[in-house]
Amino acid sequence: MTSVTENAIPIANDRKSFDDQLIAFALMTAALIALPWIFYPYFVMQALCFALFACAFNLLIGYGGLLSFGHAMFMGTASYISAHTIKALGMPPEVGILAGTVTALLLSVATGWIAIRRQGIYFSMITLALSQLLYLVYTQAKFTHGEDGIQGVPHGMFLGLDLSNTPTLYYLILSFFLFGFLVIFRTINSPFGEVLKAIRENEQRAISLGYKTEQYKLLAFVLSGTLAGLAGAVKVLVAQNASLTDVHWSMSGEVVLMTLVGGLGTVFGPVVGAFVIVGMQQYLAPFGQWVTVIQGVIFVVCVLAFRRGIVGEIGHLLRRSF
Amino acid sequence: MAINTQALMAQLLVGLINGSFYALLSLGLAVIFGMLNIINFAHGALYMVGAFVAYFLLNLLGLNYWWALLISPIAVGVFGMILERAFLQWLTGLDHLYGLLLTFGLALIIQGLFQNYFGTSGLPYEMPDTLKGGTNLGFMFLPTYRAWVILFSLVVCLATWFVIEKTRLGAYLRAATENPTLVRAFGINVPRMITLTYGLGVGLAALAGVLSAPINQVRPLMGADLIIVVFAVVVIGGMGSIMGSIITGFMLGVIEGLTKYFYPEASNTVVFVLMLLVLLVKPTGLTGRAA
């Protein structure tokens, strides 16, 4: 086993950087409140769902050092359950989101319990295989409607709010995103987050200090999977559908890409990465499969020359100049 | 339940064929992982390229199957060595995850390019005349080409095992896997050996691609789903032993074939379910080397 110190995932967690992060959080919130008046709101909402997805993923890789290559299973499962609850069972959206998120929680307990039995590269392969298993199950299951997916999920009333009104929908999605973001932010700045980072840096030493690392890793996995599920459940309100795309391995790859582009292990990196990648897909949509090729090129360039990602690189430059 | 011998044997045969692809691919993954410490996500894409090279040779240059069997692995092997020199060699000393991400990126590029030009549908590749037809064994009908694929893969797998476990070159290889610095101190060019290993590994993938071309058609995404199954095979068998990879590959193919007969709905998920069971019972995998 090589040590993980070469990881290039920076940690700078003194008081000053915590204050900086609070300022950055305020700026981000202000920007996101104003953004739908500048950009097409549906684009921003979609990007916000993926941003939450990427933040959840980043919690696991950036702070726990676990690369899950199957995170689409949480997003896709929650999407399906939430869409099914709202459309086929005729429940209101709040019940749908709750059902989707709880299912993702249960799924992450089960898959996490199995996947954390192995480390490193095996962990990635196991999560990928588990999500492919679910993908194949969903292609055959009745309630998912196979290739068609669940289409035309009604907006409905969320606790008395009419979601067919776009600004209402937008600020609801934004609230969900900020909720998820703050949960993650709190987690990484808690004693639990510190232990997680210690495990990432040197698991053997953490064990020798008496930490039950398996339990910490499982809890991080469950938290990450549940929030990824929340992102998937909320996405149903925006896209009004749930389909096989959300469970496919390419979706798991995309969330890795977003996090990598934005900056692994940075607080705001996944948000930036999600906006960049979703924006790129939007503008390059007419070019068909070239999008895949460009994504591949971004992967290669990021890994070889740009491992800190956008936010990580900015942080690095700022730290050097002051 | 009455057992239809003909149908059961036919599914077993299909299982053995898939098993030989699993064996060839997981063998390559294991060899590459041993030397480069990289899980080669591009393995499925290069398997696909191998099949496409055979297709081009036949349709553009008029070179038949037998030439393809020789040229395609060499061409893809050389291409792989270029990839290793250009990209993978810079990852030495970094965490495992970067190798996975880089090769995933390479797979996206290769598959995306082929999809641009060939769409997602399959291109037919004609079987060589000498391997057409079959023999009636009484209890089943044995198509010659399928028998050939199984036999040939088995020979290639065993030859690879022999080279790695029984020859001087293989001894260098195994030594370099254990301790590259020490082997370099003995005056052996380890970086060049790493490049050659990567070439050998992806060459095996290309060979599997050529073998599968007449059976499964040639498609840009033919390797994308296959590689995930092979990952599950690798998790089950572990990458510690060459013979372990070969046996696990064939065994899982057979189990998949049997499932196709007894419970067809589960045939494409059975390998993943087995992976789950193995992880529950014996988390280190069947060959037992922890990682």
query: With respect to the numbered conditions (1) at pLDDT below 95; (2) more than 13 Å from every other protein chain (Cβ to nearest Cβ), which one is the sole condition not fulfilled by A:Ala274?
result: (1)
query: Any idea which of B:Thr284, B:Thr259, B:Thr248 is more than 12 Å from chain A (Cβ to nearest Cβ) and either of a type in the set (Phe, Trp, Tyr) or out of contact with any Leu (no Cβ under 9 Å at 6 or more places or on another chain) (or both)?
result: B:Thr259
statement: Taking segment B:86-130 and the residues there that are part of a loop (DSSP other than H, G, I, E, B) and facing chain A (nearest Cβ under 7 Å), the one that is modelled with the highest pLDDT would be B:Phe87
message: Yes or no: segment A:62-73 includes at least one residue that is farther than 22 Å from A:Arg200 by Cα and more than 10 Å from chain B (Cβ to nearest Cβ).
response: yes
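Can you tell me which residues in segment B:131-150 are among the hydrophobic types (A, V, I, L, M, F, W, C) and part of a loop (DSSP other than H, G, I, E, B)? Walk me through it before giving the result.
Residues of segment B:131-150 that are among the hydrophobic types (A, V, I, L, M, F, W, C), as a first pass: B:131, B:137, B:139-142, B:147-150.
Hits for segment B:131-150 are B:Leu137, B:Phe139, B:Met140.
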task: Test B:Ala45 against the criterion of being out of contact with any Gly (no Cβ under 8 Å at 6 or more places or on another chain) and either of a type in the set (A, V, I, L, M, F, W, C) or on the phi < 0 side of the Ramachandran plot (or both), and give yes or no.
output: no
message: With the structure loaded, tell me whether A:Thr101 is surrounded by 14 or more Cβ atoms within 10 Å (Cβ to Cβ), more than 14 Å from chain B (Cβ to nearest Cβ) and touching a strand residue (DSSP E or B) at 6+ places or on another chain (Cβ under 8 Å) or whether it fails that test.
response: no
message: Can you list residue pairs whose Cβ atoms sit under 7 Å apart, with the first residue in segment A:35-46 being more than 18 Å from A:Val234 (Cα to Cα) and the second being at pLDDT 90 or above and not aromatic (Phe, Trp, Tyr)? Count only pairs 6 or more apart in sequence or on different chains.
response: A:Leu35/A:Val44
- prompt: Does at least one position in segment B:60-72 carry a residue that is within 13 Å of chain A (Cβ to nearest Cβ) and either over 20 Å from B:Val218 (Cα atoms) or not hydroxyl-bearing (Ser, Thr, Tyr) (or both)?
  reply: no
field: Pairs with Cβ under 6 Å, 6+ apart, first in segment B:2-18 and hydrophobic (A, V, I, L, M, F, W, C), second part of a helix (DSSP H, G or I)
entry: B:Leu8/B:Tyr261; B:Leu12/B:Gly257; B:Leu13/B:Arg146; B:Val14/B:Gly257; B:Leu16/B:Ile150; B:Leu16/B:Gly253; B:Ile17/B:Arg146; B:Ile17/B:Val149
- request: Identify, from the list B:Ala68, B:Ala75, the residue that is surrounded by fewer than 20 Cβ atoms within 10 Å (Cβ to Cβ), over 13 Å from the mean Cα position of the chain (by Cα) and in contact (Cβ under 8 Å) with a residue 60 or more places away in the chain.
  value: B:Ala75
query: So B:Lys260 fits all but one of (1) crowded, with 19+ Cβ neighbours inside 10 Å; (2) under 19 Å from the mean Cα position of the chain (by Cα); (3) not β-branched (Val, Ile, Thr); what number is the exception?
result: (2)
Matching residues in segment A:278-315 - criterion: being in contact (Cβ under 8 Å) with a residue 40 or more places away in the chain, of a type in the set (A, V, I, L, M) and either farther than 14 Å from A:Glu254 by Cα or touching a Gly at 6+ places or on another chain (Cβ under 9 Å) (or both): A:Ile298, A:Val303, A:Ile310, A:Val311
field: Inter-residue pairs, beta-carbon under 6 Å, first touching a residue at least 12 places away in the same chain (Cβ under 8 Å) and in segment A:90-107, second outside any helix (DSSP H, G or I) and aromatic (Phe, Trp, Tyr), 6+ apart
entry: A:Pro93/A:Phe158; A:Glu94/A:Phe158
Residue in segment A:113-133 that is of a type in the set (A, V, I, L, M) and surrounded by fewer than 21 Cβ atoms within 10 Å (Cβ to Cβ) present: yes
query: Of the residues that sit in segment B:161-198 and are under 24 Å from B:Leu16 (Cα atoms) and of a type outside the set (Val, Ile, Thr), which one is surrounded by the most Cβ atoms within 10 Å (Cβ to Cβ)?
result: B:Trp161
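Within segment B:29-48, is there a residue that is within 20 Å of the chain's Cα centre (by Cα), without any contact (Cβ under 8 Å) to a residue 40 or more places away in the chain and more than 12 Å from chain A (Cβ to nearest Cβ)?
Quick first cut of segment B:29-48, residues within 20 Å of the chain's Cα centre (by Cα) only: B:29-48.
Subsequent filtering for residues that are without any contact (Cβ under 8 Å) to a residue 40 or more places away in the chain retains none.
Looking through segment B:29-48, none of the residues is within 20 Å of the chain's Cα centre (by Cα), without any contact (Cβ under 8 Å) to a residue 40 or more places away in the chain and more than 12 Å from chain A (Cβ to nearest Cβ).
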- request: Could you tell me whether segment A:127-145 includes any residue that is more than 20 Å from the chain's Cα centre (by Cα), closer than 30 Å to B:Phe41 by Cα and more than 14 Å from chain B (Cβ to nearest Cβ)?
  value: yes
message: Looking at A:Gly296, A:Gly288, can you tell me which residue is at pLDDT below 90 and within 14 Å of chain B (Cβ to nearest Cβ)?
response: A:Gly288
task: Out of A:Arg307, A:Arg320, report the one residue that is part of a helix (DSSP H, G or I), charged (D, E, K, R) and surrounded by fewer than 24 Cβ atoms within 10 Å (Cβ to Cβ).
output: A:Arg320
field: Filter result (in a strand (DSSP E or B) and touching a strand residue (DSSP E or B) at 6+ places or on another chain (Cβ under 7 Å)) within segment A:118-175
entry: A:Ile150
- prompt: Are any of the residues in segment B:224-241 buried (at least 19 other Cβ atoms within 10 Å of the Cβ), away from every other protein chain (no Cβ under 12 Å), in contact with a Phe, Trp or Tyr (Cβ under 6 Å, 6 or more places away or on another chain) and under 26 Å from B:Ala7 (Cα atoms)?
  reply: no
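Can you find even one residue in segment B:199-220 that is within 12 Å of chain A (Cβ to nearest Cβ) and either crowded, with 24+ Cβ neighbours inside 10 Å or closer than 23 Å to A:Ser252 by Cβ (or both)? I'd like the intermediate steps shown before the answer.
Start the filter on segment B:199-220 by keeping residues that are within 12 Å of chain A (Cβ to nearest Cβ), which leaves B:220.
This time we only want the ones that are either crowded, with 24+ Cβ neighbours inside 10 Å or closer than 23 Å to A:Ser252 by Cβ (or both), so: B:220.
Yes - at least one qualifying residue is present in segment B:199-220.
The values are calculated or read from the model by the stated rules, or taken from the named source; none is laboratory data. For clarity, every value in this text was computed on a predicted model and none was experimentally measured. Neighbour counts are summed over all protein chains in view; Cβ atoms, including those assigned to glycine, are modelled from backbone coordinates with ideal geometry.
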